[in-house]
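Trainee: Before anything else, here's the structure in question.
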Amino acid sequence: MYEVTRRIGLDAGHRIPDHGSKCRHIHGHRYEVLATCCSNELIKAGEQRGMTIDFGFLKDEMVQEIEKPCDHSLIICADDRLLIERLGVDAEVVEKVRREGAGCVTHTADGMHIYVIDSPPTAENLARHWFHRLAPKVVARSEGNARLSRIRVFETPNCYADYPIGAREAAQV
């Protein structure tokens with residue numbers, strides 16, 4: 001099994017609405033996101049010959065699916081009523097996120113960049129969310145050769161979350 005990993009970084013704010021301590025307040029992180037892809041074979045022909053997936057292709061997809069919508073944004077949960085109301089997030093955006101389970105970029109009346117997801121924006125939920133956004137892109141960009149096996153989200157230099165948590169889970173995706 002071959003395995004390659006690419007890293008990107010982004011800055012974003014969030015809050016964990018039900019947290020019993022300081023994380024319930026809006027605060028920010030310098031997230032580091034690592035995407036690990038695996039394949040049983042290397043690509044045999046074309047511009048990716050000898051690769052699991054081209055690092056540049058993987059970076060392009062990570063930027064499109066993770067960095068572009070989330071960098072310098074406030075990431076909030078669709079059921080965070082306090083922020084949804086105070087920021088004036090459109091009810092249609094919230095309903096779309098709940099219905100589709102996907103993230104949605106929106107802007108407040110004063111131009112604030114908001115990214116709404118269907119669960120509290122913990123490192124674990126962000127890893128899962130970004131995994132599901134990126135996984136089909138990895139398959140397409142590697143011409144079916146590679147699979148996304150893990151997203152690792154560093155919330156701080158000392159704390160990270162992985163999704164999925166093992167090879168068995170990666171095989172089921």
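Trainee: Out of everything in the stretch 1-52 that is without any contact (Cβ under 8 Å) to a residue 12 or more places away in the chain and of a type in the set (D, E, K, R), what residue ends up being farthest from T156 (Cα to Cα)?
Mentor: Among residues in the stretch 1-52 that are without any contact (Cβ under 8 Å) to a residue 12 or more places away in the chain and of a type in the set (D, E, K, R), the one farthest from T156 (Cα to Cα) is K44.
Trainee: Exactly one condition in (1) surrounded by fewer than 20 Cβ atoms within 10 Å (Cβ to Cβ); (2) in a helix (DSSP H, G or I); (3) under 13 Å from the mean Cα position of the chain (by Cα) is not met by E95; state its number.
Mentor: Checking E95 against (1) surrounded by fewer than 20 Cβ atoms within 10 Å (Cβ to Cβ); (2) in a helix (DSSP H, G or I); (3) under 13 Å from the mean Cα position of the chain (by Cα), the one that fails is (3).
Trainee: Given the criterion in a helix (DSSP H, G or I) and either at pLDDT 95 or above or not small (G, A, S) (or both), identify the matching residue among F154, F131.
Mentor: Result: F131 is the single residue among F154, F131 that is in a helix (DSSP H, G or I) and either at pLDDT 95 or above or not small (G, A, S) (or both).
Trainee: Could you list all residues from the stretch 1-43 that are among the acidic types (D, E) and assigned to a strand (DSSP E or B)?
Mentor: Listed by number, the residues that qualify are E3, D11, E32.
Trainee: Looking at (1) under 18 Å from the mean Cα position of the chain (by Cα); (2) buried (at least 17 other Cβ atoms within 10 Å of the Cβ); (3) in a loop (DSSP other than H, G, I, E, B); (4) not β-branched (V, I, T), which one does Y115 not meet, given that it meets all the others?
Mentor: Result: Y115 fails condition (3) only.
The values are calculated or read from the model by the stated rules, or taken from the named source; none is laboratory data. For clarity, every value in this text was computed on a predicted model and none was experimentally measured. All Cβ positions, even for glycine, are placed from backbone atoms using ideal geometry, and neighbour counts span all protein chains on display.
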